[in-house]
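K.L.:
Quick one: the structure is below, and I'll ask about it shortly.
The values are calculated or read from the model by the stated rules, or taken from the named source; none is laboratory data. What you see is a predicted model; the values in this text were computed from it and never measured. Please note: Cβ atoms are built from the backbone with ideal geometry, for glycine as well, and neighbour counts cover all protein chains shown. For accessibility, only protein heavy atoms count, side chains too; no ligands or nucleic acids. Shrake-Rupley method; radii C 1.70, N 1.55, O 1.52, S 1.80 Å.
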Amino acid sequence: MGPLLDDRYRVEELIARGGMATVHRGHDQRLDRVVALKIMHPHLATDEDFRRRFGREARSAARLAHRNVVGVFDQGEDADSVYLAMELIEGRTLRARISEQPRQSLREVLDVTAQVLEALVAAHRAGIVHRDIKPENILIDHSGVVKVADFGLARAIGTSNSSASATLLGTVAYISPEVVTRGHSDERSDLYSLGVVLFEMLTGTQPFTGEQPVHVAFQHVHDDIPAPSTVVSGIPRELDSLVTWAAARSVEQRPAGALDLLRAVHELQHSLPDAVMDTRPRPREDADTGEVPRPTVLLEEVIADLGAAPRAFPLPGPAEDTDEDTAGDEEPASRSVIVPAPRPRQGRHRVQGARRRSPMMAGLATLSAVAVLALGGWGGADWYLTVGPGADRTVPVLVGTRLSDAEAALSAADLGTRTEERFDASVPAGHVISSSPASGESVKRGADVRVVVSRGEETFEVPDLEGMSVEDARSRVEEQGLVLIEDEAVWSETVPAGEIVSQSQEAEALPAGGEVHVVASQGRQPIPIPDQSGREGETARVALEEAGFTVTTSSAHSASVPEGSVISQSPGSGTGHRGDTVELVTSLGPEMVTVPDVFRMPEDEARSELESAGFSVTVEHDRGEPVFGLVYEQSAEAGSELAKGSTVTLTVF
C-alpha cells in the first residue's frame with residue numbers, strides 16, 4: 001500500500017513519468033473516488049518561489065470547469081511533496097495515438113483540434129493561457145472525448161530554477177517565436193502551438209527538427225511552418241491554410257482568438273466531403289503525382305448515398321472486329337463506371353445553401369447523367385460538367401486565409417474571384433474577411449465568388465505637434481479622430497511654457513481613437529540662488545556656476561571682511577533661471593590711510609583734519625577744562641598708516 005498524502009490521498013501505481021513530475025493513480029479517502037496524483041519532482045518542490053507560484057497557478061486552473069479540460073480537484077504540500085489531485089482520464093495521450101498511427105484521418109484530426117479549441121476558448125475567457133500545448137498534454141478517453149491537461153503549470157515551471165527551465169526544452173518543438181525572442185506568451189501563443197500539433201497529426205512529423213533544442217527554436221523564429229501538403233498527399237488547400245494561419249510566425253497574422261480558429265475548423269468539418277474527411281494522408285514520395293488526388297466514388301455508391309437502390313449500368317467495351325458467326329452468341333464486354341465526384345459531398349448531410357431535392361429526384365438526375373454518358377459519349381460528359389449536376393461547385397473555406405491562397409483555392413474549384421477591400425481591425429491585412437456566396441454553398445462552375453479582403457485596421461496620420469500650444473495640438477489630433485494625452489509636463493530652457501516639447505508616439509499612423517501622448521513645457525526651471533557672502537571668492541564662483549548661473553566679480557575694500565572673501569552678491573537670494581547672472585563683490589581688505597600730524601593744533605582743527613583723512617576721533621581732557629585748547633598728544637604716530645575708519649585719540653590741554 002502506497003504512502004498517504006495529507007492524510008487523504010493514497011498514492012497507488014505509477015501511470016507516467018515526465019520531466020517535471022510523476023503521475024500516479026490515487027484514491028481520495030475522504031470522498032472515496034479515484035483520482036490522478038501529479039507529484040512534482042523533488043528539485044522543484046524545494047524551490048520556495050516555485051511552491052508559491054505553483055499554488056497560485058493551480059488555484060487558477062481549478063476554477064476552470066469544462067468538458068474538454070482535465071479537472072483539478074485539489075493542490076497541496078506534504079513534507080517535501082508538492083502535488084495536484086486531478087481528474088483521472090482512462091485513455092491515452094495524443095502522443096501515444098500519433099506513435100501508433102502517425103497520420104490521422106482528416107476527420108480525426110479536425111475532431112481533436114475542435115475539442116482542444118473548445119478547451120482553449122474556455123480557458124482564455126477565464127484569463128488562463130496554457131503555455132505548453134503539445135501532444136503529451138492532450139488526453140483522449142475511451143469514448144473519444146479530448147481533455148487538455150496542465151493549464152497554467154508551464155508558467156510555474158518555466159519561471160522556476162534553471163534545471164526546471166531545462167526540463168521545458170522538450171516542448172521546444174511547439175514553442176512560439178515570441179516566447180523564444182521575448183519570453184512573452186498570450187492566447188495566440190497557444191494557437192501557434194496547436195498549429196504545430198495539427199501539422200504533426202496530419203503528417204506524422206514535426207515541422208522543425210534539429211540536433212539541439214536551440215536549432216529548433218531558431219527555425220521557429222526564422223522560418224514559416226510549411227504547408228502539410230508539401231510533406232504528405234491528400235491534404236486539401238483549406239486545411240493547409242488552417243495550419244499556416246494558426247502557426248503564422250507573426251502574432252498579428254494568426255487568428256485573433258481561439259474562437260475564430262474554432263469557427264474555421266467547424267466550417268471545414270461541415271464543408272469537406274466525406275470522401276476527403278476519411279482520407280489518411282500518404283507520404284508524398286509514395287504518391288503517383290505531386291497533386292492532391294481528387295476523390296472518386298463508384299456510381300453504385302453515389303446512388304446508394306442518394307437513397308436509391310444500387311444498380312449496375314454496363315457500358316460497351318472497346319469496339320473490336322468480330323466474326324459474323326459468333327457475333328450474336330457473345331455479349332459485349334462490360335465495365336463499371338467510375339464517376340469523378342461532381343462536387344464535395346457529405347453523405348446524407350445537406351450543404352448549407354444547396355437546393356433541396358428528394359432522394360428519388362436526386363437519384364433520377366444521377367441516373368440520367370449516367371445514361372447520357374453511356375449513350376452520348378463525350379457529348380454527354382460535356383453536358384454533365386457544364387449544365388448538369390457536375391457543374392456544381394462548393395465554395396471552399398476562405399475566411400482568414402491569405403488572398404493568394406483564396407484565389408488558388410477558388411481556381412482549383414473552377415471558380416472565379418472578384419475582390420473588394422475593406423478596413424477591418426480584427427483580420428490582418430491581405431486576409432479574407434468574408435465571401436459571397438459563403439464557404440460550403442454550391443455555385444455553378446465558372447461563377448465568380450466575391451471575396452472581401454482586409455486592408456487591416458484603418459489608421460489616421462499622426463501630426464507633428466512639437467512647438468505647438470497644447471490647445472492647438474489637441475485640435476489637430478482630434479481632427480484626425482485621435483485622442484491627445486498629456487503626459488507629465490517638463491521644464492524646458494528653450495520651449496516656452498504651454499508649448500509641446502515632444503510626442504512619445506513614434507507611429508506614423510494610428511487607428512481611430514488612438515492615443516497620441518505629448519509632453520508640454522512648464523517653461524524655464526527656477527533654481528535657488530545660494531548665498532555666498534563671507535565665503536572665499538573662488539569657491540563662491542565655482543558653486544554658483546555649478547548651480548547653473550553666470551558669475552561676474554568685482555572687488556572693494558572692507559574693514560570687516562577678510563581679503564579675498566565675498567563682501568556681497570547680487571541677487572543675494574531667492575530663485576533665478578539657468579544662465580542668469582550673479583554678481584560677486586570680493587574684499588580687498590581694509591583701506592590704509594596715512595595719519596596726519598595734528599600736534600599743537602587747536603582741537604577743532606585737529607578733529608577736522610583727522611576726520612577728513614577718514615579716521616574717527618575721540619578727545620581726552622586729562623587736566624580738566626583745557627587752558628589753551630591745543631593738542632599735545634595723538635594716539636597714532638603722525639605719518640604712520642592705519643585702516644580707514646580707525647579711531648585716533650587726541651589729548652588736549
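K.L.:
Output yes when any residue across the stretch 72-87 is assigned to a loop (DSSP other than H, G, I, E, B) and more than 30 Å from Leu202 (Cβ to Cβ), and no when none is. I'd like the intermediate steps shown before the answer.
P.N.:
Let us first name the residues in the stretch 72-87 that are assigned to a loop (DSSP other than H, G, I, E, B), namely 79-80, 87.
From what's left, more than 30 Å from Leu202 (Cβ to Cβ): 79-80.
Yes - at least one qualifying residue is present in the stretch 72-87.
K.L.:
Have a look at Arg455, Arg393, Arg445 and point out the one that is modelled with pLDDT of 50 or more, basic (Lys, Arg) and under 30 Å from Pro511 (Cβ atoms). Before you say what the answer is, go through the steps one by one.
P.N.:
Details: Arg393 fails: under 30 Å from Pro511 (Cβ atoms); Arg445 fails: under 30 Å from Pro511 (Cβ atoms).
On inspection, the qualifying residue turns out to be Arg455.
K.L.:
Please indicate, with yes or no, whether at least one residue in the stretch 262-281 is under 15 Å from Met201 (Cα atoms) and touching a strand residue (DSSP E or B) at 6+ places or on another chain (Cβ under 8 Å).
P.N.:
Initially, the stretch 262-281 is screened for residues under 15 Å from Met201 (Cα atoms), giving 265, 277-281.
Now narrow it down to the ones that are touching a strand residue (DSSP E or B) at 6+ places or on another chain (Cβ under 8 Å): 281.
Taking every residue of the stretch 262-281 in turn, at least one turns out to be under 15 Å from Met201 (Cα atoms) and touching a strand residue (DSSP E or B) at 6+ places or on another chain (Cβ under 8 Å).
K.L.:
Can you tell me which residue within the stretch 33-68, out of those that are farther than 24 Å from Val145 by Cα and not in a helix (DSSP H, G or I), is most open to solvent (accessible area, probe 1.4 Å)?
P.N.:
Going through the qualifying residues, I end up with Thr46.
K.L.:
Looking at Asp472, is it acidic (Asp, Glu), modelled with pLDDT under 90 and open to solvent by 30 Å² or more (accessible area, probe 1.4 Å)? Step through it out loud before you land on a result.
P.N.:
On the way: acidic (Asp, Glu): yes; modelled with pLDDT under 90: no; open to solvent by 30 Å² or more (accessible area, probe 1.4 Å): yes.
Criteria not met by Asp472.
K.L.:
Separate question: Looking only at the stretch 440-460, filter to residues that are small (Gly, Ala, Ser) and more than 9 Å from Asp424 (Cβ to Cβ); which one of those is least open to solvent (accessible area, probe 1.4 Å)? Give the derivation first.
P.N.:
Start the filter on the stretch 440-460 by keeping residues that are small (Gly, Ala, Ser), which leaves 440, 442, 446-447, 454, 456.
If we keep only those that are more than 9 Å from Asp424 (Cβ to Cβ) as well, we get 440, 442, 446-447.
Numbers: Gly440: 6, Ser442: 34, Gly446: 52, Ala447: 31 Å².
Filtering the stretch 440-460 for residues that are small (Gly, Ala, Ser) and more than 9 Å from Asp424 (Cβ to Cβ), the one least open to solvent (accessible area, probe 1.4 Å) comes out as Gly440.
K.L.:
Let me ask another. Would you list the strands (runs of 3 or more DSSP E) that sit entirely within the stretch 419-513 and hold 1 or more residues that are more than 30 Å from Ile527 (Cα to Cα)?
P.N.:
Values: elements: 432-436, 442-444, 448-454, 459-461, 483-490, 500-503, 509-511.
The qualifying strands (runs of 3 or more DSSP E) are 432-436, 442-444, 448-454, 459-461, 483-490, 509-511.
K.L.:
Identify the single condition in (1) over 60 Å from the mean Cα position of the chain (by Cα); (2) β-branched (Val, Ile, Thr); (3) more than 29 Å from Gly614 (Cβ to Cβ) that Val585 does not satisfy, given that it satisfies every other one.
P.N.:
(3)
K.L.:
Let me ask you something else. Taking the stretch 504-552 as the region of interest, how many residues are of a type in the set (A, V, I, L, M), in contact (Cβ under 8 Å) with a residue 40 or more places away in the chain and over 30 Å from Leu484 (Cα atoms)? Lay out the reasoning, then the answer.
P.N.:
Applying the first criterion (of a type in the set (A, V, I, L, M)) to the stretch 504-552 yields 507, 509-510, 512, 516, 518-520, 527, 529, 540, 542-544, 547, 551.
Still in the list and also in contact (Cβ under 8 Å) with a residue 40 or more places away in the chain: 507, 509-510, 512, 516, 518, 520, 527, 529, 540, 544.
From what's left, over 30 Å from Leu484 (Cα atoms): 527, 529, 540, 544.
Within the stretch 504-552, residues that are of a type in the set (A, V, I, L, M), in contact (Cβ under 8 Å) with a residue 40 or more places away in the chain and over 30 Å from Leu484 (Cα atoms) number 4.
K.L.:
Here are some conditions: (1) at positive phi; (2) surrounded by 16 or more Cβ atoms within 10 Å (Cβ to Cβ); (3) modelled with pLDDT of 90 or more. Ala119 meets all but one. Which one does it not meet?
P.N.:
Here Ala119 clears every test but (1).
K.L.:
Consider the stretch 549-561. How many of its residues are loosely packed, with under 15 Cβ neighbours inside 10 Å, touching a strand residue (DSSP E or B) at 6+ places or on another chain (Cβ under 6 Å) and in a loop (DSSP other than H, G, I, E, B)?
P.N.:
Taking the stretch 549-561 first, the residues loosely packed, with under 15 Cβ neighbours inside 10 Å are 550, 552, 554, 556, 559-560.
Next cut, touching a strand residue (DSSP E or B) at 6+ places or on another chain (Cβ under 6 Å) only: 550, 552, 554, 556, 559.
Still in the running and in a loop (DSSP other than H, G, I, E, B): 559.
Count: 1.
K.L.:
Do the conditions hold for Ser587, that is, is it within 30 Å of Val495 (Cα to Cα) and in contact with an Asp or Glu (Cβ under 8 Å, 6 or more places away or on another chain)? Quick ask: steps written out before the conclusion?
P.N.:
Values: within 30 Å of Val495 (Cα to Cα): no; in contact with an Asp or Glu (Cβ under 8 Å, 6 or more places away or on another chain): yes.
No; evaluated as a whole, the condition is false for this residue.
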